[in-house]
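See below for the structure under consideration.
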Amino acid sequence: MLMGQSLISRKLRDIERERQNPHISLRMGGIQTIVARLEPAHAGWRLDRALADAVPTLSRERLKALIRSGAVELGGSPVRDPAVKVRGEEAFQVAVPEPRSAHNEPQDIPLKIMFEDEHLLVVDKPAGLVVHPAAGNLDRTLVNALLHHCGPSLSGIGGVARPGIVHRIDKDTSGLLVVAKTDVAHERLAKQFAAHSIDRRYLAIVNGVPKASGGTIDAPLARSSTNRKKIAIVEGTRGKRSVTHWRRLDVLNDGALVECRLETGRTHQVRVHMASIGHPLLGDPVYGRSGKSHAKILKELQFNRQALHAAELGFSHPVTKHKLSFSSAMPPDMQELFKALGV
């Protein structure tokens with residue numbers, strides 16, 4: 001009898017908790033069931049949009065997939081059309097499976113974390129660290145390191161327990177990178193990158209001294225048709241608009257330190273654009289060239305990468321909307337190269 005009263009009391013507490021909260025989460029058998037109560041203001045909205053507004057921990061794209069899979073119910077019946085209009089004040093049940101394990105293995109690789117909360121983190125990546133596993137680099141990547149660092153704090157991107165790589169920097173480029181930990185943060189950060197509202201400033205050491213103090217390179221980029229490992233400036237519709245604003249900061253011995261601010265963020269953008277105006281990055285094995293004096297210095301310093309560093313990163317926090325800005329000092333190897341080329 002006492003056990004029966006205890007169960008009734010617990011049920012009453014659950015009912016009261018549901019009544020007081022816009023949505024509640026109950027976890028059973030690896031499934032998180034979210035009861036999402038819509039407001040009168042949601043009347044006439046698409047179901048996916050209304051649920052995304054009511055349950056801010058799930059992105060609209062994730063909810064679309066859940067709806068189509070039959071994981072969203074109203075009154076015990078699945079609702080499979082993300083575009084169906086809601087009346088408002090309904091209570092939908094959303095069954096969210098636990099994030100699947102990523103195929104990548106967590107690996108204990110030291111990371112320099114500049115900022116972290118439950119939504120995202122900002123990493124200062126060293127040169128030589130690949131961002132994402134791919135052919136030739138299946139492990140020991142930034143993703144492997146983040147899986148180890150974040151552990152259970154990753155809520156899953158698209159239903160998979162993995163960090164959300166919103167943008168990448170080349171293996172041999174150092175500097176700042178933002179990574180999403182949730183679906184919502186990933187979706188909203190991706191929109192900022194697509195809208196070109198992210199502030200990105202790079203430092204580069206280039207071959208030769210630009211005559212102008214600065215300028216803008218507006219040249220479309222695409223994968224080279226003759227060498228698939230290279231990016232090239234192309235004409236016509238095949239290329240994506242790519243814009244780099246550059247400024248000469250210091251004159252060196254047959255070289256210069258330049259600042260590049262990206263309006264767009266294409267693969268190898270700074271490397272290709274600076275090479276296109278006759279000033280490729282020192283140490284760049286793909287787009288660069290070095291005179292005898294530079295080659296000697298690079299060899300003496302064992303500088304085996306393009307001289308490029310992502311020094312500043314600014315964006316709006318995808319959840320709080322606060323403006324965040326981060327800076328990273330030029331790494332020691334580039335500082336040594338800068339000093340060796342000093343006039």
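The values are calculated or read from the model by the stated rules, or taken from the named source; none is laboratory data. As the structure is a computational prediction, the values presented were derived from the model and not from experiment. All Cβ positions, glycine included, derive from the backbone under ideal geometry; neighbour counts span all protein chains shown. What goes into the accessible areas is simple: the full protein's heavy atoms, side chains included, and nothing from ligands, DNA or RNA. Shrake-Rupley method; radii C 1.70, N 1.55, O 1.52, S 1.80 Å.
Observations
- Remark: relative contact order (the range 138-263) = 20 percent; criterion is Cα-Cα distance under 8 angstrom and separation of 6 or more residues.
- Close amide H pairs (under 5 Å, H built 1.01 Å from N) link L324 with F315, S316, H317, residues at least 5 positions away or on another chain.
- Accessible area expressed per residue, the chain, with surrounding protein chains retained (probe 1.4 Å, Å²): 52 Å²
- The range 264-328, dipole about Cα centre (Lys/Arg Cβ +1, Asp/Glu Cβ -1), debye to the nearest 20: 80 debye
- Each residue of the range 276-285 was assigned a 3J(HN,Hα) from its phi angle through the Karplus curve 6.51 cos²θ - 1.76 cosθ + 1.60 (θ = phi - 60°); the sequence is 5, 9, x, 9, x, 6, 5, x, 6, x Hz, with glycine and proline shown as x.
- Taking W246, W45 and ordering them by how much accessible surface each has at a 1.4 Å probe, largest first, produces W45, W246.
- Shape call, the range 184-260: gyration tensor on alpha carbons, a/c limit 1.5: oblate
- Shown is the FRET efficiency for S77 and K112, computed with R0 = 51 Å from the Cβ-Cβ distance and rounded to the nearest 0.05: 0.50.
- Under 5 Å between amide hydrogens, built in the peptide plane, is the criterion, and for G208 it picks out G255, A256 among residues at least 5 positions away or on other chains.
- Projected label distance in nm at R49 and Q32, using a 7 Å step from Cα toward the beta-carbon: 2.5 nm
- Amide N of the range 251-292 lying under 18 Å from the label point, which is placed 7 angstrom from the Cα of K211 along Cα→Cβ: 251-252, 254-256, 274-280
- Estimated FRET transfer efficiency when R0 is 56 angstrom, pair H196-E89 (beta carbons, to 0.05): 0.90
- Spin-label pair S293/S153, simplified geometry with 7 Å Cα→Cβ offset, distance in nm: 4.8 nm
- Here the Debye sum runs over all C-alpha atoms of the range 272-343 as equal scatterers in vacuum, and log10 of I(q)/I(0) at q = 0.13 Å⁻¹ comes out as -0.51.
- All other residues whose Cβ lies under 12 angstrom from that of L281 are scored, Lys and Arg at +1 and Asp and Glu at -1, for a net of 0.
- The length gained by stretching the chain between A329 and R168 to full extension, at 0.36 nm per residue less their Cα-Cα distance, is 56.1 nm.
- Length-normalised contact order of the chain in % [C-alpha pairs under 8 Å, at least 6 apart]: 13 percent
- Cα convex hull of the range 184-321 - mean projected area over all directions, nm²: 9.9 nm²
- Across the range 28-98, counting alpha-carbon atoms alone, Rg and Dmax equal 10.9, 34 Å.
- Largest accessible area first, the listed residues T226, T244 line up as T226, T244 when surface is computed with a 1.4 Å probe on the assembled protein chains.
- Distance between the range 52-129 and the range 204-244 - C-alpha centres, whole angstrom: 36 Å
- In terms of distances greater than 29 angstrom between alpha carbons, the cross-link table entries K112/K339; K211/K323; K64/K125; K240/K339; K230/K299 yield K211/K323; K64/K125; K240/K339.
- For the range 107-122, putting each phi into the Karplus relation 6.51 cos²θ - 1.76 cosθ + 1.60 with θ = phi - 60° gives couplings of 9, 7, 10, x, 10, 9, 8, 8, 7, 7, 9, 6, 9, 7, 8, 10 Hz, in residue order, rounded to whole numbers and with x for Gly and Pro.
- Heavy-atom accessible surface of the range 202-242: percent carbon and sulfur, 1.4 Å: 49 percent
- MRE, 222 nm, helices only [DSSP H, n ≥ 4, -39500 (n - 2.57), over the chain, to nearest 500]: -7500 deg cm²/dmol
- Given charges at Cβ of Lys, Arg, Asp, Glu: the chain dipole, positive-most of A43, A190, L313: A190
- Where only C-alpha atoms are counted, convex hull volume of the chain per residue in Å³: 177 Å³
- For L252, the residues whose amide H sits under 5 Å from its own are L257, ignoring neighbours fewer than 5 places away on the same chain, with H placed 1.01 Å from N.
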